[in-house]
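First the structure, in the form of structure tokens, and then the observations on it.
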Amino acid sequence: MARYAVGDLQGCHREFVALLERLAFDPSADQLWLAGDLVNRGPGSLDCLRDVHALGDAARVVLGNHDLHLLAVARGGASIKRSDTLDAILAAPDREVLLDWLQQQPLAVAEGEHLMVHAGLLPQWSWEQAQALADEVQARLAGPGAGAFLEQMYGNQPACWRDDLDGIERLRVIVNAFTRMRFIDADGCLDFAAKEGLDSGPTGFAPWFSYPRSDDPQIIFGHWAALEGKTPGSRVRAEALDTGCVWGGHLTALNLDSGERISVPSQRR
């Protein structure tokens, strides 16, 4: 069995098909980990969602910020943004099946030494704590209060994690750390403005992976296309997999056992 982790699809369906062909991916024997943001910005969001859903147990998925945005639009009353490409999903005859499945996906997937998240892992959280916090959000998404949670999910405050947070503030920080994080300060406070390369953060802030941890998981993440798949200066084992397919870059897979990277070029150049 081969295990591959793939960066942000963001609706790049043709490239997704080409990558699976390049991998000779066999869903009856192999496993595909997807680091979130299956949808949005690219032209094939509906087809990406359908194909990953059809993989069944061969696919392991974490939610990204764009996936949560889709759920917020469909089930939390949020508004479509001008740059969104979600209309085909919202109008699809199988939308409820796809949305139900997406809403059941976690914020973190762990197996062996690997931990997959969309954006990153706060250094203040142990691996075990991070999984427990991800479970809190998954339970809320799966529960009767999911719609209310999705309505209140958006927001930049509070920007810092505290163990005594509760209610929607607690859940919002957890979601933001797992799905939106790039730069943090030494106390684990998040900056949401800087979205470019390593030198774009404000004074006193650095990439989350530049802070040491007390444990040593191999962290698989996407989200930060400007990194181009690299994490220079990292003080943890971190594999960046968003190589900007939707922006004309590549769609990249990482063989979790051999460490080999396999990419296909974007067809949006």
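The values are calculated or read from the model by the stated rules, or taken from the named source; none is laboratory data. Remember, it's a predicted structure, so these values are computed and weren't measured experimentally. Note: ideal-geometry Cβ built from the backbone for every residue, glycine included; neighbour counts use all protein chains shown.
Within the bounds of the stretch 82-93, is there any residue that is touching a strand residue (DSSP E or B) at 6+ places or on another chain (Cβ under 6 Å) and either over 30 Å from SER258 (Cα atoms) or touching a residue at least 24 places away in the same chain (Cβ under 8 Å) (or both)?
no
What number of residues within the stretch 189-199 are modelled with pLDDT of 95 or more and surrounded by 18 or more Cβ atoms within 10 Å (Cβ to Cβ)?
2
If the requirement is being at pLDDT 95 or above, over 14 Å from the mean Cα position of the chain (by Cα), under 15 Å from MET116 (Cα atoms) and small (Gly, Ala, Ser), which of these qualifies: GLY248, GLY259?
The unique qualifying residue is GLY259.
Of the residues that make up the stretch 90-108, is at least one exposed (fewer than 12 other Cβ atoms within 10 Å of the Cβ), on the phi > 0 side of the Ramachandran plot and either modelled with pLDDT under 95 or among the acidic types (Asp, Glu) (or both)?
Scanning the stretch 90-108, I find no residue that is exposed (fewer than 12 other Cβ atoms within 10 Å of the Cβ), on the phi > 0 side of the Ramachandran plot and either modelled with pLDDT under 95 or among the acidic types (Asp, Glu) (or both), so the answer is no.
State whether one or more residues within the stretch 213-221 are part of a loop (DSSP other than H, G, I, E, B), closer than 20 Å to TRP161 by Cα and of a type outside the set (Gly, Ala, Ser).
Yes, some residue in the stretch 213-221 is part of a loop (DSSP other than H, G, I, E, B), closer than 20 Å to TRP161 by Cα and of a type outside the set (Gly, Ala, Ser).
If we scan the stretch 248-264, do we find a residue that is of a type in the set (Gly, Ala, Ser), assigned to a strand (DSSP E or B) and in contact with a strand residue (DSSP E or B) (Cβ under 6 Å, 6 or more places away or on another chain)?
Scanning the stretch 248-264 turns up at least one residue that is of a type in the set (Gly, Ala, Ser), assigned to a strand (DSSP E or B) and in contact with a strand residue (DSSP E or B) (Cβ under 6 Å, 6 or more places away or on another chain).
I'm trying to understand the selection: among the residues of the stretch 6-42, which are more than 19 Å from the chain's Cα centre (by Cα) and either of a type in the set (Ser, Thr, Tyr) or not in a helix (DSSP H, G or I) (or both)?
ALA24, PHE25, ASP26, PRO27, SER28, ALA29, ASP30 - these are the residues of the stretch 6-42 that are more than 19 Å from the chain's Cα centre (by Cα) and either of a type in the set (Ser, Thr, Tyr) or not in a helix (DSSP H, G or I) (or both).
Filter the stretch 199-237 for residues that are of a type in the set (A, V, I, L, M) and closer than 17 Å to ALA253 by Cβ and give the result. Write out each step before concluding.
Step one: filter the stretch 199-237 for residues of a type in the set (A, V, I, L, M), giving 206, 219-220, 225-227, 236.
Passing the criteria: ILE219, ILE220, ALA225, LEU227.
Output the residues belonging to the stretch 200-220 that are surrounded by 13 or more Cβ atoms within 10 Å (Cβ to Cβ), at pLDDT below 95 and either in contact with a Cys (Cβ under 9 Å, 6 or more places away or on another chain) or hydroxyl-bearing (Ser, Thr, Tyr) (or both).
Selection gives SER200 alone.
Considering only residues that are among the β-branched types (Val, Ile, Thr) and not in a loop (DSSP other than H, G, I, E, B), look in the stretch 109-140 and name the one that is surrounded by the fewest Cβ atoms within 10 Å (Cβ to Cβ).
VAL109
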